[in-house]
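Trainee: Before I ask anything, let me first share the structure, which is written out below as structure tokens.
The values are calculated or read from the model by the stated rules, or taken from the named source; none is laboratory data. These numbers come from a predicted model, not from an experiment. Neighbour counts run over all protein chains shown; Cβ positions are idealised from the backbone, glycine included. With ligands, DNA and RNA removed, areas are computed over all heavy atoms of the protein, side chains included. Shrake-Rupley method; radii C 1.70, N 1.55, O 1.52, S 1.80 Å.
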Amino acid sequence: MDVIVIGGGVVGVATAYQLHSAGHRVCVIERHATVAQGATYGHGGAILPTPLDVWFGPTLTKSPRAPRSGVVYRPGLNSRTRRFMQRLAELQPPDAFRNQYRRLRPLVDASREAVAAIEASFNFEFEQRSGILHVVRHAREWEQVQSALDLLREFEVQHHVLTAAECAQIEHSVPADPAFAGGVLFENERLANCPLFTKLVKQVLEEDRGVRFMFGRAVESIRLDNDRAAVELALTDGTRSSAREVDVVSADAIVVAAGAGSLPLLAQAGLTLPLHAARFFALTAPIAYEECAPHLAVVDTVRRITMTRANQRVRVAGAALVQPEREIAKPATEPLAKAATAVLAQATHDWIPGAAKISAAHAWDGVQVLSPDGLPVVGQALHPRLFVNVGHGPAGWGLACGSAKVIAEIVSGATPSVPPDTLAALRADRFTD
Ligand SMILES: Cc1cc2nc3c(=O)[nH]c(=O)nc-3n(C[C@H](O)[C@H](O)[C@H](O)COP(=O)(O)OP(=O)(O)OC[C@H]3O[C@@H](n4cnc5c(N)ncnc54)[C@H](O)[C@@H]3O)c2cc1C
């Protein structure tokens, strides 16, 4: 089949890879001049989410105190944004959390296999390394993470539960004083450079496999009929209003994998999903004192902030800004950007003091899509020729490889590599049932 993939982030490129591997002719359409320019650019590093990383569950609260929750929450009077956070909060009780993670888990496993298969096929170097230390400040928060620890045991994820003193011993940059509740070490969980991975896969697809990439072209709308699907394109410098020309590309099927750009496109085609865009922030700072720099990636579990060393720099990523979507589409106001980066700076100060020169940090932010039940939307939607791969959230880059495989299997009419209850939990129509 001829398949159009809309979006050149890690999700779109991984989808193109799996579709091509399944024997389809693929065209990727991306509004930027190259791949990995959206949320994919801002990754924190961790490839796959453990139960401690997912964006749902007992520790995800919308505390009005952003330094505590890691979320700067400004819903204003917007009922859609409030409803979105309420739905996420429904997954806070341990049982609800456990059930939802069990649905996600087969996708994590499929993704691990898909990433490993790509690595084995091409011998790619994309700064892969292992070792993640999660740290938890307060006794109450430690209580909240217990259901995640149960899941680690249930799924036999290799990990070590540590006291604060043991954490400080293993990772010298983390101070044992002031006291904190404890930590969890994942020696084998991996980190890597997501934009580099995306570019390497794109290079193979374009140069060796004949996948077509159309850059600098924005999809304006999707047309669906019984015989064919098509997209209307504008030549653009990245903004819809500057469109100078429109033309049409048709195919047998379309996969929407356009990150935050997916929601308006789908809405225009008639599919409104209760997903919500949120802005996430990253700081890249020079190392201040070499002896204070971390060897492992250190993750503040409750604030969901990842602190990683990358050569002579420390990268700190996390801090979500949740506000009405019309606001998210615009750059963050200075006070809100300051509030979000202050959350990152505070985590750096708390957990790896002296490691990073935050005053000299380069700040970056990007928009990504969260789902109200923590799971991406993966599968066919609205029309037999339309497929969606979106909403992987802030712990989603490795998941992209598994969800791409599932999409390719569905498009090809093959048996999906995840079980039926996971497949059902990923479908777009789960929100209307
Ligand atoms: C600060 C930060 C830290 C993160 N840390 C991690 C981490 O540690 N681990 C992890 O797993 N994940 C992390 N993530 C999340 C991860 O980066 C995202 O889940 C993932 O990159 C989403 O990829 P995507 O392809 O869906 O979106 P994007 O990368 O945003 O790609 C979508 C693409 O579609 C294009 N597009 C949109 N609309 C159109 C249109 N109409 N026509 C043509 N093209 C269009 C855009 O230009 C964009 O290139 C982080 C994200 C951020 C922002």
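Trainee: Using C-alpha positions alone, give me the convex hull volume of the range 94-201 per residue in cubic angstrom. Could you put the intermediate results ahead of the total?
Mentor: Numbers: hull volume 13.3 nm³, N = 108.
Dividing the Cα hull volume of the range 94-201 by its residues yields 123 Å³.
Trainee: Now, a different point. By DSSP, what percent of the beta bridges with both residues in the chain are antiparallel, rounded to the nearest 5?
Mentor: Details: 54 of 77 bridges.
Counting DSSP beta bridges with both partners in the chain, the antiparallel share is about 70 percent.
Trainee: Percent relative contact order of the range 274-358, based on C-alpha pairs within less than 8 angstrom and at least six residues apart? Don't jump to the answer; show the numbers that get you there.
Mentor: Values: 142 pairs, mean separation 35.3, N = 85.
Over the range 274-358, the number comes to 42 percent.
Trainee: Let me ask something else. Full-extension gain between Leu224 and Thr34, please, as 0.36 nm times their residue separation minus the C-alpha to C-alpha distance. Intermediate results must be reported in sequence, preceding the final value.
Mentor: Values: separation 190, 0.36 × 190 = 68.40 nm, distance 2.70 nm.
Going from the current span to full extension adds 65.7 nm.
Trainee: How long are the three semi-axes of the equivalent ellipsoid of the chain, in whole Å, if each is the root of 5 times an eigenvalue of the C-alpha gyration tensor, listed from largest down? Don't jump to the answer; show the numbers that get you there.
Mentor: Working: eigenvalues 238, 99, 96 Å².
Ellipsoid half-lengths, sorted descending, are 35, 22, 22 Å.
Trainee: To continue, here is another question. Enter the accessible area of Lys199 (Å², nearest 10), with the probe set to 1.4 Å and all protein chains included.
Mentor: 80
Trainee: Mind checking the per residue accessible area of the range 253-359 for me, 1.4 Å probe, whole number of Å²? Walk me through the numbers on the way to the answer.
Mentor: Working: 3950 Å² over 107 residues.
Accessible area per residue, the range 253-359: 37 Å².
Trainee: Shifting gears a bit: Can you give the Rg/Rh ratio of the range 163-204, where Rg is from the C-alpha atoms and Rh is the Kirkwood radius?
Mentor: Working: Rg = 16.7 Å, Rh = 12.9 Å.
Rounded to two decimals, Rg over Rh is 1.30.
Trainee: Turning to a different aspect of this structure: The chain: longest stretch without exposed chymotrypsin sites (Phe, Trp or Tyr not before Pro) (DSSP loop, at most 14 other Cβ within 10 Å), sites themselves excluded? If you can, show how the numbers build up before the last one.
Mentor: On the way: sites that count: Phe155, Tyr289.
With a cap of 14 other Cβ atoms within 10 Å, the longest stretch comes to 1-154.
Trainee: Same structure again: Given N residues in the range 58-127, what is Rg(Cα) / (2.2 N^0.38 Å)? Write out the running numbers ahead of the final one.
Mentor: Working: Rg = 17.9 Å, N = 70, 2.2 N^0.38 = 11.1 Å.
Expressed relative to 2.2 N^0.38 Å, the Cα Rg reads 1.62.
Trainee: By how many nm would the segment from Met214 to Arg153 lengthen if fully extended, with 0.36 nm per residue of separation less the alpha-carbon distance?
Mentor: Full-extension gain reported as 17.4 nm.
Trainee: Can you give me the relative contact order of the chain as a percent, contacts being Cα pairs under 8 Å and 6 or more apart? Numbers along the way, then the final one.
Mentor: On the way: 970 pairs, mean separation 114.0, N = 433.
That works out to 26 percent.
Trainee: Provide the FRET efficiency to the nearest 0.05 for the Lys357-Glu90 pair, computing r from the beta carbons and using R0 = 35 Å. Write out the running numbers ahead of the final one.
Mentor: Working: r = 41 Å, r/R0 = 1.18.
That pair, Lys357 with Glu90, gives E of 0.25.
Trainee: With a 1.4 Å probe and all protein chains left in place, how much accessible area per residue does the range 374-433 have, in Å²? Can you show the working numbers first?
Mentor: Working: 1990 Å² over 60 residues.
Using a 1.4 Å probe on heavy atoms only, each residue of the range 374-433 averages 33 Å².
Trainee: Between Ala310 and Asp177, what is the FRET efficiency for a Förster distance of 35 Å, r being their Cβ-Cβ separation, to the nearest 0.05? The partial results should precede the final answer.
Mentor: Numbers: r = 27 Å, r/R0 = 0.78.
That gives a FRET efficiency of 0.80.
Trainee: Right, another one. Give the carbon-plus-sulfur fraction of the accessible surface of the chain in %, rounded to a whole number; probe 1.4 Å, heavy atoms of protein chains only. Walk me through the numbers on the way to the answer.
Mentor: Working: 8790 of 17700 Å².
Using a 1.4 Å probe with all protein chains present, the chain comes out at 50 percent carbon and sulfur.
Trainee: Would you look at the GNM of the chain, springs on alpha carbons closer than 10 Å, and say which of Ala253, Ala395, Ala179 moves the most?
Mentor: Ranking Ala253, Ala395, Ala179 by mean-square fluctuation puts Ala179 first.
Trainee: Might you report the magnitude of the Cβ-based charge dipole of the range 62-151 about its Cα centre, with Lys and Arg at +1 and Asp and Glu at -1, to the nearest 20 debye?
Mentor: Working: 16 positive and 10 negative charges, 163 e Å.
It works out to roughly 780 debye.
Trainee: Based solely on its DSSP helices, what 222 nm [θ] is calculated for the chain when runs of n ≥ 4 H residues each add -39,500 (n - 2.57) and the sum is averaged over all residues, nearest 500 deg cm²/dmol?
Mentor: Numbers: 13 runs with 143 residues, N = 433.
Mean residue ellipticity at 222 nm (helix-derived): -10000 deg cm²/dmol.
Trainee: About the Cα centre of the chain, how large is the charge dipole given +1 on each Lys and Arg Cβ and -1 on each Asp and Glu Cβ? Please answer in debye to the nearest 20. Don't skip to the end; give the middle numbers.
Mentor: On the way: 43 positive and 44 negative charges, 218 e Å.
The calculated dipole for the chain is roughly 1040 debye.
Trainee: Run the count for the chain, please: Lys pairs, Cα-Cα under 19 angstrom, 8 or more apart or on different chains. Don't jump to the answer; show the numbers that get you there.
Mentor: Working: Lys62/Lys338; Lys199/Lys405; Lys202/Lys405; Lys330/Lys338; Lys338/Lys357.
Counting lysine pairs in the chain gives 5.
Trainee: Another question, if that's okay. Using 0.36 nm per residue, how much length does the chain from Arg430 to Gln169 gain when fully extended, once their Cα-Cα distance is taken away?
Mentor: On the way: separation 261, 0.36 × 261 = 93.96 nm, distance 4.60 nm.
Contour length minus Cα-Cα distance gives 89.4 nm.
Trainee: List the relative contact order of the range 376-433 as a percent without decimals, with contacts defined as Cα pairs under 8 Å and 6+ residues apart. The partial results should precede the final answer.
Mentor: Details: 62 pairs, mean separation 23.2, N = 58.
In percent, rounded to a whole number, it is 40.
Trainee: So, one more: Solvent-accessible area per residue for the range 82-135 at a 1.4 Å probe radius, Å²? Display every interim value, and only then the final one.
Mentor: Details: 2530 Å² over 54 residues.
Normalised by residue count, the accessible surface of the range 82-135 is 47 Å².
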